[in-house]
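Take a look at the structure set out below.
The values are calculated or read from the model by the stated rules, or taken from the named source; none is laboratory data. These numbers were taken from a predicted model, which means no experiment stands behind them. Positions of Cβ are backbone-derived with ideal geometry, glycine not excepted, and every protein chain shown enters the neighbour counts. SASA here: full protein model, heavy atoms, side chains in, ligands and nucleic acids out. Shrake-Rupley method; radii C 1.70, N 1.55, O 1.52, S 1.80 Å.
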Amino acid sequence: MNKKELLSKTSNETGFAHVLIESAFDEIIRIIADEIEAGREVTISGFGNFSSKFIKGKEKVHNITKEIINVRDRLDPRFKFSTAFKKRINSKN
């Protein structure tokens, strides 16, 4: 299922306009990204936890040219499903 299909199904099941669902979804994703970028976690009870890990920059050597490459500091976004969500998925099998 892709984003378009998810939004259509949500719109059909809730009765809300597709445009309204899409707008809310995009805003939720933007807020989550902003929080992760700021180094904070976002926890959605019963679903999971969005977080990030700081990866310190380093120097690497290109294995063919032997050129030194500087890799910048970065945030590595992460997501971990909640135990409740995992139990829900596994209980249907």
Q: Would you kindly derive the ³J(HN,Hα) couplings of region 73-83 from the backbone phi angles with the Karplus curve 6.51 cos²θ - 1.76 cosθ + 1.60 (θ = phi - 60°), listing them in order in whole Hz, with x for Gly and Pro?
A: 4, 7, 9, 9, x, 9, 9, 10, 5, 6, 4
Q: Using the 2.2 N^0.38 Å rule of thumb for compact globular proteins, work out how the chain stacks up: its C-alpha Rg over that value, please.
A: 1.56
Q: Working with all protein chains in place, sort SER91, SER11, SER45 by solvent-accessible area computed with a 1.4 Å probe, largest first.
A: SER45, SER91, SER11
Q.
Given Cβ point charges of +1 (Lys, Arg) and -1 (Asp, Glu) and nothing else, what value in debye, to the nearest 20, does the dipole of region 3-84 about its Cα centre take?
A. 480 debye
(Q) I'd like the carbon and sulfur percentage of the solvent accessible area for region 8-49, probe radius 1.4 Å, heavy atoms only, ligands and nucleic acids excluded. (A) 58 percent
Q. Mind listing the phi-derived Karplus ³J(HN,Hα) values for region 53-59, rounded to whole Hz, using 6.51, -1.76 and 1.60 with θ = phi - 60°, and x for any glycine or proline?
A. 10, 6, 10, 5, x, 7, 9
Q) Within the chain, which is the longest segment containing none of the trypsin sites (Lys or Arg not before Pro) that sit in a DSSP loop and have at most 13 other Cβ atoms within 10 Å? A) 1-39
Q | Heavy-atom accessible area per residue - region 1-88, 1.4 Å, Å² | A | 83 Å²
